[in-house]
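The values are calculated or read from the model by the stated rules, or taken from the named source; none is laboratory data. Please read all numbers here as calculations on a predicted model, not as lab measurements. Note: ideal-geometry Cβ built from the backbone for every residue, glycine included; neighbour counts use all protein chains shown. These accessible areas exclude ligands, DNA and RNA; they are computed on the full protein's heavy atoms, side chains included. Shrake-Rupley method; radii C 1.70, N 1.55, O 1.52, S 1.80 Å.
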Amino acid sequence: MNALTLDNRAARRLFLDRHALSETPQGEARGSALLNLIERLGFVQLDSINTVARAHDLILFSRRPRYRPKALKNLYEKDRALFEHWTHDAAVIPMAFYRWWHLRRERDAEKLKAQWRNGRRDGFEGQFQKVLDQIREQGPLCSSDVGAGEKRGSGGWWDWHPSKTALEYLWRSGALCVVGRDGFRKRYDLTERVIDAALCNLEHTAEHTANTIDWCCAGALDRLGFATPTELAAFWDHISIAEAKAWCAAEAAAGRLQPIRIECMGGALRDCFARPDIAGDAALDTPPTSRLRLLSPFDPALRDRKRAERLFGFDYRIEVFVPEEKRRYGYYVFPILEGDRLVGRVDMKAFRDRDTLHIRALWPERSVRWGKGRIAAFETEVSRVQKLASVSEISFEDGWLRDP
């Protein structure tokens, strides 16, 4: 039997639906409503760059414009409904998922020791007990509170002092939890004081590993709509591609998955897996909202840059680490979503000392005309983002609308 083929538009609609980008952005954005949104996404990546707003705040704001950063802080630090750990990067994750990070913590414990035993981080293992004892006696601490007398470097990951490295290792491997942030500095506490003991003391068993692989793959597929084994493995970044391939093969043999072909932008077909009922999914025939909105460069819909290019024809590279003279667009450029298309990208920054959100340049995508209607929709969206950025004015640089 021939595999079902989804045309490019249907694939984009399904993908945006799974990322909560199809419906009109509206609704409650705190407490249980905010937690439900994060559970739907799976996690929200954290990032310290604040040219307009931090990545996690813009991710949530783009779906719920009533969102304000205090709501996430309360959910995380006060309600303990979220925990912080790694997926492909640091993220806040629903506490209901904590048990499924046990395998990740075990694997990190082995991997990080091997990676960090080098001259630049020499001696971090000898600081484990000292760090644990200090936190037990003094309560939650930041990296600046430990390692008195140790040589301090620049603060970059390549130049951590031994006690800072010990803190990160103990967090990644499970002995410590991050319980909040001061500014953007993590505060660490003993996991046993934060997390239910039944979740802290999970045993390493083949059954738990198998259950974790199943949860990771099933959860990733539910949030992607369709995927290759490689994409399933990368979503949470817990498991290997080989484990995801084996899961797909077993699920397909049991009739719980089906092969599917996805039409990419340009017409190429890509083999994926999907649920057997995918052909009847309402999202395939439901046009997403036409509301124009600005996305974070770390939005979950754009995290996989190659996937975004295949589905949307959107070639995106964040240029934070590119020397200014070599940048094609700008330091931190925001993709622009309209309906089921990415229609441009904008370089903008909040100058809080001037109380102004400044639009430096906007580049339309090729074949997308920016007439009066689209420009008006963009200006309306910028006025919404202005509130998140906590500034009162908006300014536009001369010649801000560039050629594609």
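A few remarks follow.
- Scanning residues 5 or more positions from Phe396 or on other chains, those with amide H under 5 Å from its amide H are Ile359, with H placed 1.01 Å from N in the peptide plane.
- Sulfur and carbon atoms: percent of accessible area, the range 239-283 [1.4 Å]: 57 percent
- Tail fraction, Cα-Cα pairs, the range 299-404, threshold 20 Å, whole percent: 43 percent
- The chain, accessible area per residue, ligands and nucleic acids excluded (1.4 Å, Å²): 46 Å²
- Listed candidates (1) 22.1; (2) 26.8; (3) 20.8 - label of the one calculated as mean projected area of the Cα convex hull in nm²: (1)
- Proximal charge balance of Ala250 [Cβ under 14 Å; K/R count +1, D/E count -1]: -1
- Backbone N within the range 175-202 under 20 Å of label point (7 Å from Glu137 Cα along the Cβ vector): 176-177, 188-193
- From phi via Karplus (6.51, -1.76, 1.60), per-residue ³J(HN,Hα) for the range 298-307 in Hz, x at Gly/Pro: 9, 4, x, 6, 10, 4, 8, 4, 5, 5
- Charge context of Pro276, other residues only, Cβ under 12 angstrom, K/R +1, D/E -1: -1
- Scalar couplings 3J(HN,Hα) for the range 380-394, obtained by applying the Karplus form with A = 6.51, B = -1.76, C = 1.60 to θ = phi - 60°, are 5, 5, 4, 5, 6, 5, 3, 5, 5, 6, 6, 10, 9, 10, 10 Hz; x denotes Gly and Pro.
- Pairs exceeding 26 Å between alpha-carbon atoms, taken from Lys70/Lys306; Lys113/Lys326; Lys78/Lys306; Lys70/Lys186: Lys70/Lys306; Lys113/Lys326; Lys78/Lys306.
- Full extension of the segment from Leu269 to Asp353, taken as 0.36 nm per residue of separation minus the current Cα-Cα distance, would add 25.3 nm.
- Using a cutoff of 8 angstrom between alpha carbon atoms and counting only pairs six or more residues apart, the relative contact order for the chain works out to 18 percent.
- For the chain, a crude dipole built from +1 on the beta carbon of Lys and Arg and -1 on the beta carbon of Asp and Glu, taken about the Cα centre, is about 740 debye to the nearest 20.
- Fluctuation leader among Ile278, Ile38, Ile375 - the chain, Gaussian network, Cα springs under 10 angstrom: Ile375
- Quotient of the Cα radius of gyration of the range 224-345 and 2.2 N^0.38 Å, N being its number of residues: 1.24.
- Environment charge at Leu34 (Cβ cut-off 12 Å; Lys +1, Arg +1, Asp -1, Glu -1): +4
- Relative contact order of the range 164-322, taken over Cα pairs closer than 8 Å and 6 or more residues apart, is 12 percent.
- Phi-based couplings in Hz for the range 19-24 (Karplus 6.51, -1.76, 1.60; Gly and Pro marked x): 9, 6, 10, 8, 6, 4
- Ranking Ile336, Val320, Leu269 by Cα position along the charge dipole of the range 265-364, where only Lys, Arg, Asp and Glu carry charges on their C-beta atoms, puts Val320 farthest toward the positive end.
- For Asp79, the amide hydrogen comes within under 5 Å of no other amide hydrogen, counting only partners 5 or more places away or on other chains and with H modelled in the peptide plane.
- Around the amide H of Leu176, modelled in the peptide plane, lie the amide H atoms of Trp171, Thr191, all under 5 Å away and 5 or more residues distant in sequence or on another chain.
- Note on the range 110-267: Cα-only Rg and Dmax are 20.4, 62 Å.
- Largest-first principal axis extents of the Cα set of the range 181-228 (Å): 38, 31, 13
- Taking each DSSP H run with n ≥ 4 as -39500 (n - 2.57) and averaging over every residue of the chain yields -10500 deg cm²/dmol at 222 nm.
- Charge dipole of the range 137-271 about the Cα centre (unit charges at C-beta), most positive-ward option of Cys248, Gly183, His208: Gly183
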